[in-house]
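Contents: one structure, followed by commentary.
The values are calculated or read from the model by the stated rules, or taken from the named source; none is laboratory data. Source: prediction; values computed, not measured. Note: ideal-geometry Cβ built from the backbone for every residue, glycine included; neighbour counts use all protein chains shown. With ligands, DNA and RNA removed, areas are computed over all heavy atoms of the protein, side chains included. Shrake-Rupley method; radii C 1.70, N 1.55, O 1.52, S 1.80 Å.
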Amino acid sequence: MLRSQQLRRVNFQGDGLRLGMDWTREDLAKPQILVDSVYGSSHPGSFHLDMVGRAVSKGVIAHGGKPAQYFVTDICDGIAQSHDGMNFSLLSREMICSMVEIHAMASPYDALVLLSSCDKAVPAHLMAMARINLPAIHVPGGAQVTGPEFYSSDLLWALGDRWVKGEVSDEEFLAAAEKSCPSCGACQFMGTASTMQAMAEALGLALPGTAMLPTTLNDLQRLAQEAGRKVLELLERNIRPRDILTREAFENAIMVHAAIGGSSNATLHLPAIAHEAGVELDAFAFDRIQREIPVMANVKTAGKYPTEYFWYAGGIPYIMELLKDRLHLDCLTVTGKTVGENLEELARSGYYEKVREHLKGRGVDWRDVIPGWERPVFVGGDIAVLTGNLAPEGAVVKARAVAPEMMRHVGRAVPFDSEEAALEAILARRIRVGDVIVIRYEGPKGSGMPEMFHTTEALMAVPEYAVGCAVVTDGRYSGATRGPAIGHVSPEAVDGGPIALVEEGDLIAIDIPARRLDIVGIAGERKSPAEVERVLAERRARFVPPALDLRGALGIYRRLATSPMKGATIG
């Protein structure tokens with residue numbers, strides 16, 4: 001018996017309450033499907049999801065189910081950037097996940113379809129699917145279409161700093177802002193939003209070809225209806241998320257992540273999803289699995305083309321086709337078929353020829369967007385996990401975004417106890433070429449682990465800084481971050497990690513090929529590892545952690561958050 005029908009036999013008030021809405025007597029006996037989205041007037045990635053949710057509902061109704069639309073909107077990392085609002089970003093992942101759990105478990109739903117587009121909402125929904133473990137499908141909200149000359153909103157940071165200085169007029173700035181987001185959907189670069197849509201598809205939790213689908217195409221509505229139909233099939237066959245989320249499925253996703261040059265934030269989100277599924281996974285899996293897989297997608301920001309063009313070139317299905325010899329092809333997916341069966345079906349159906357027609361007349365060859373093994377965009381692993389006396393439990397860097405001359409670097413430490421202080425110093429040009437900027441107390445327990453896109457963009461806007469300075473933090477970065485930006489340093493400063501003990505003038509050595517991050521000198525002089533450890537021990541004895549405000553939602557996160565290397569979850 002369906003869960004909904006079991007609960008009707010013990011909760012007699014529920015039928016009356018449903019009949020007080022748009023339910024009929026006949027609806028009460030149908031499979032009840034929760035259609036939960038992050039629709040809201042919060043940002044372009046969520047604004048259109050009410051329409052997508054209605055398409056899902058049509059598919060559910062057409063195939064004998066009764067849908068119910070629920071909403072918990074998300075916040076936008078781009079809007080939360082560069083102020084204290086960003087402290088709530090990673091926390092929102094935990095809260096959205098928990099609200100979906102509450103929606104699903106407090107009411108008698110039999111299955112769920114979750115709709116989201118962006119940074120924290122997609123991983124929140126994938127976590128919820130694993131935690132609740134009712135038959136479920138994720139529907140990615142798709143990608144914005146590209147602006148003129150591939151202009152996108154990430155470029156507004158450097159322009160905005162010039163606007164504030166009076167170097168750019170109001171009209172110039174607003175004209176750029178208007179053209180940066182021409183439609184709803186996730187931002188047009190391979191940031192965390194696009195990356196996590198890709199991860200939903202690579203894990204097998206979303207239908208093939210749905211990640212980064214341009215929102216202006218009616219394919220989005222059609223595939224949303226298909227998701228509504230498919231979830232009833234999953235319910236009938238009793239296929240649940242934990243049947244799909246095996247260790248091998250996560251390995252598939254990490255391989256896809258390498259090939260698309262995905263966001264470093266996936267090293268937080270995939271372990272968090274795995275935790276909910278009962279699979280052991282940490283950030284080191286990225287380093288291990290990705291070493292032999294080159295970046296094969298020439299996509300912004302590190303590459304040339306927007307995600308819209310990536311979808312036209314074949315998107316995640318074609319990336320998985322390129323990786324076919326390495327993937328676990330027998331992994332189950334929400335189609336009810338395996339990864340291998342899905343890929344064979346797409347190839348037979350003429351899928352690639354169909355989507356690539358969109359590039360005709362645009363002067364772009366799909367092989368330039370996804371050049372594949374023959375012409376890789378970057379070789380050596382997209383994500384590198386470093387360890388050393390500055391990061392005993394690990395730190396993460398997006399190696400692809402680092403200039404060759406900065407892959408190995410020794411510089412003078414300039415520590416700051418907040419991102420705001422570091423940003424001010426960069427904008428005021430108080431940083432010297434060669435310095436390593438250390439930003440601490442920005443980890444999960446410190447301030448909620450905000451990302452620092454404005455800071456890194458300010459650094460990259462100064463040519464001599466861009467190829468001469470690095471940033472090291474226990475916070476995190478945007479998926480669009482460029483340059484030698486090392487984050488997730490663990491243990492974090494609040495817990496007394498070595499990053500809390502760094503003093504100005506210490507020498508910090510970064511060696512990405514060797515996967516090392518070390519303090520190698522004190523007061524500008526090289527010291528032996530034993531001498532450095534002795535100094536750190538003296539500093540540790542004097543260390544007093546800062547007092548934290550443990551009130552409210554952020555206080556809950558500060559008390560309960562785990563290490564970034566394990567997903568920074570509160571579960």
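Contact order, relative form, for region 128-279: 34 percent (alpha carbon pairs under 8 Å, 6 or more residues apart, mean separation divided by residue count).
On the beta carbon distance between Glu172 and Glu292, with R0 = 51 Å, the FRET formula returns roughly 0.65. Helical content alone sets the calculated 222 nm signal of the chain at -11500 deg cm²/dmol, taking -39,500 (n - 2.57) per DSSP H segment of four or more residues and averaging over every residue.
3J(HN,Hα) along region 333-342: 9, 6, 6, x, 10, 7, 4, x, 5, 4 Hz, from the Karplus curve 6.51 cos²θ - 1.76 cosθ + 1.60 with θ = phi - 60°, whole Hz, x for Gly and Pro.
Would you mind estimating how fast region 405-513 diffuses translationally, via Stokes-Einstein at 37 °C and 0.692 mPa s with the Kirkwood radius over Cα pairs, in µm²/s?
Estimated via Stokes-Einstein, D reaches 244 µm²/s.
Ligands, DNA and RNA left out, the accessible area of region 146-234 computed with a 1.4 Å probe is 54% carbon and sulfur. For region 20-159, the solvent-accessible area of protein heavy atoms averages 32 Å² per residue (probe radius 1.4 Å; ligands and nucleic acids excluded).
Dividing the convex hull volume of the Cα atoms of region 307-443 by its residue count, what figure in Å³ per residue is obtained?
209 Å³
Take region 164-249 with all the other protein chains still there, run a 1.4 Å probe, and you get 38 Å² of accessible area per residue. Ranked by the mean number of other Cβ atoms within 10 Å of their residues, highest first, the peptides 550-559, 473-482, 64-73 fall in the order 473-482, 64-73, 550-559. State the label only: which of [x] 0.88; [y] 1.04; [z] 0.97 corresponds to Cα Rg over 2.2 N^0.38 Å computed from the shown model? Calculated Cα Rg over 2.2 N^0.38 Å: the matching label is [z].
Comparing Cα centroids, region 186-243 and region 74-133 end up 16 angstrom apart. Equivalent ellipsoid of region 306-374: semi-axes from √(5λ) of the C-alpha gyration tensor, largest first, are 24, 13, 9 Å. Once backbone amide H atoms are built at 1.01 Å from N, Val520 has Leu507, Ile508, Ala509 as its partners under 5 Å, excluding neighbours fewer than 5 places away on the same chain. Averaged over residues, the count of other Cβ atoms within 10 Å places the peptides 306-312, 91-97 in the sequence 306-312, 91-97, highest first. Rounded to the nearest 20, the Cβ-based charge dipole of region 390-468 about its Cα centre (Lys and Arg +1, Asp and Glu -1) stands at 260 debye.
Remark: the Ser107-Glu504 segment gains 137.3 nm on full extension, using 0.36 nm per residue and subtracting the alpha carbon distance. In terms of packing, defined here as the mean over residues of other Cβ atoms within 10 angstrom, the peptides 442-449, 219-226 line up highest first as 442-449, 219-226. The calculated FRET efficiency for Ala553 paired with Arg242, based on their beta-carbon distance and R0 = 25 Å, is about 0.35. Relative to the longest principal axis of the Cα atoms of the chain, the long axis of helix 49-62 lies at roughly 30 degrees.
Among the chymotrypsin sites (Phe, Trp or Tyr not before Pro) found in region 351-419, those both in a DSSP coil and sparsely packed, with 14 or fewer other Cβ atoms within 10 Å of their Cβ, are Trp373.
Here each label is just a point 7 Å from Cα along the line to Cβ, and for Asp330 and Val164 those points are 5.6 nm apart. Modelled spin labels at Glu341 and Asp511, positioned 7 Å past Cα toward Cβ, are 5.0 nm from each other. The residues of region 257-372 expose, per residue, 36 Å² of accessible area to a 1.4 Å probe.
Roughly what angle does helix 89-106 make with the longest principal axis of the chain, taking Cα atoms, 0 to 90 degrees, to the nearest 10? Helix 89-106 sits roughly 20 degrees off the main axis of the chain. Close Lys pairs in region 279-405, defined as Cα atoms under 26 Å apart and 8 or more places apart or on different chains, number 12. For Ile383, the residues whose amide H sits under 5 Å from its own are Ala399, ignoring neighbours fewer than 5 places away on the same chain, with H placed 1.01 Å from N.
Using a probe radius of 1.4 angstrom, the carbon and sulfur fraction of the accessible surface of region 418-501 is 52%. A cut-off of 5 Å between modelled amide H atoms, ignoring neighbours fewer than 5 places along the same chain, links Ser117 with Val122, Gly141. Within the accessible surface of region 76-126, defined with a 1.4 Å probe on protein heavy atoms only, the carbon and sulfur portion equals 66 percent.
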